[in-house]
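> Quick one: the structure is below, questions incoming.
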Amino acid sequence: MIFDYDDYNDDYYTLGLPKKKLEELLGTLTGCEACNSTYDREDDRNYFYEPDENFESLLDDIGFTDAQKETIYNNIKCPNCHCDLDGFSQVTINEYYKEEKSHKNYIEKIASNAETKIKNFYDYIIKYPYLGCNHKVGKQIIKNIETLEKISIDNKIFYRAREPKNSEIFTCNHMLPPSPEMVPISEGRFNHYGQSHWYLGDSIEICGAECTHRKNCMLWFQKITIKKADNIMDLTQDYIHYYYNPLDTKMYEIPITLAALLLSGILQQEQTVKGYWKPEYFVTRFIADVCKTKGINGILYPSSLYPAGKNLVIFDINKIDFEFEAKPELKEYIYKTPADQTEVAVF
């Protein structure tokens, strides 16, 4: 979850602490040893689900003075269990805070410049789903697809998740893209009705979040090695490295295609994830169609449900080299925010 300063206790505004540093503290601090530890009876010790460190060290890293630290010890409590904290307290932190904050700021700058254009295109393509190329923004997307970063994926691990069907035991074949000759394929983020694409994630957590829309349940998970996938369009949050230049005051004037994908996540939040009418996917499906005409084999893209992860859609698995790692496993999936996730805590 991206931090929002206004979500916190108004009393903290009156402490006289630097607002930006206080914001970073409240966005980073997630708990303490009293509430986030689990007793391990095997080796008789406690361990944390999240990265942990000394509270005073955290305050030093943020840049608080000794006087400001005393104010914090006397007033700010654990956000999870509300117990008192001192310099020696072991605390748990959101290691993704700075990344999420940078991501949010970047999206806001993009939105201030491009959201009106994308919203106009969004409204148009809902009325005329097959005529996106007639719109000004649609023409821009077609023109600048080739300017975006293309990558090759070599020997990278991805995962696929599927919900169980009764008592059926899933095999590796169940984790392949569905056949339109055997089952109805609904519209997805990058596929039209009846089109069979392969949707993967770079972690179990992101696959679970995408598959269930953050609901806790049992899921089949398959580990997959993408041995070779060429000509993949990279639209992940790594776009910061491709397009972000802190010395360039116009850094948010990125290609309209990238803006369309990123902002479609914002527009999507007001849409339902159930039912057959999915207008939130019209823009992204248009982008996928354009990619296919340019010979692009897939898209690596950020998740609107799990910002810390990356999704991968492959248009045609016959054009890539991959292998399954063992058989699918049926696991209990419990949704946690990125800060809560470690391999030991997922299941």
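> Just add up the charged neighbours of His192: K/R +1, D/E -1, any other residue whose Cβ is under 10 Å from the Cβ of His192.
Working: positive: Arg285; negative: Glu187, Asp289.
Computed value for this residue: -1.
> List the lysines whose alpha-carbon lies under 19 Å from that of Lys331, not counting same-chain residues fewer than 8 positions away?
Excluding near neighbours in sequence, the set is Lys165, Lys215, Lys223.
> Just add up the charged neighbours of Asp321: K/R +1, D/E -1, any other residue whose Cβ is under 15 Å from the Cβ of Asp321.
Details: positive: Lys156, Lys227, Lys228, Lys319; negative: Asp154, Asp230, Asp316, Glu323, Glu325.
Local net charge: -1.
> Lysines near Lys21 by alpha-carbon distance under 20 Å, same-chain residues fewer than 8 away left out - which ones?
Reachable lysines: Lys69, Lys77, Lys98, Lys101, Lys104.
> Determine which residues of the range 196-236 fall in the zone a paramagnetic label at Cys172 would reach in this model, i.e. backbone nitrogen under 13 Å from the point 7 Å along Cα→Cβ.
Once the point is set 7 Å along Cα→Cβ of Cys172, 222-227 turn out to lie under 13 Å by backbone N, inside the range 196-236.
> Hey, got a sec? Which chymotrypsin sites (Phe, Trp or Tyr not before Pro) in the range 58-165 land in a DSSP loop and have at most 11 other Cβ atoms within 10 Å? Before the final figure, lay out each step's value.
Details: sites: Phe64, Tyr73, Phe88, Tyr96, Tyr97, Tyr106, Phe121, Tyr122, Tyr124, Tyr130, Phe158, Tyr159; in loops: Phe64, Phe88, Tyr96, Tyr130.
Passing sites in the range 58-165 are Phe88, Tyr130.
> Accessible area per residue of the range 48-95 at 1.4 Å probe, in Å²?
Working: 2430 Å² over 48 residues.
So the range 48-95 comes to 51 Å² accessible per residue, rounded to a whole number.
The values are calculated or read from the model by the stated rules, or taken from the named source; none is laboratory data. All of these numbers come straight from a predicted model, not from anything done at the bench. Here Cβ is always computed from backbone atoms with ideal geometry, including for glycine, and neighbour counts include all displayed protein chains. The accessibility values were calculated without ligands, DNA or RNA, using every heavy atom of the protein model including side chains. Shrake-Rupley method; radii C 1.70, N 1.55, O 1.52, S 1.80 Å.
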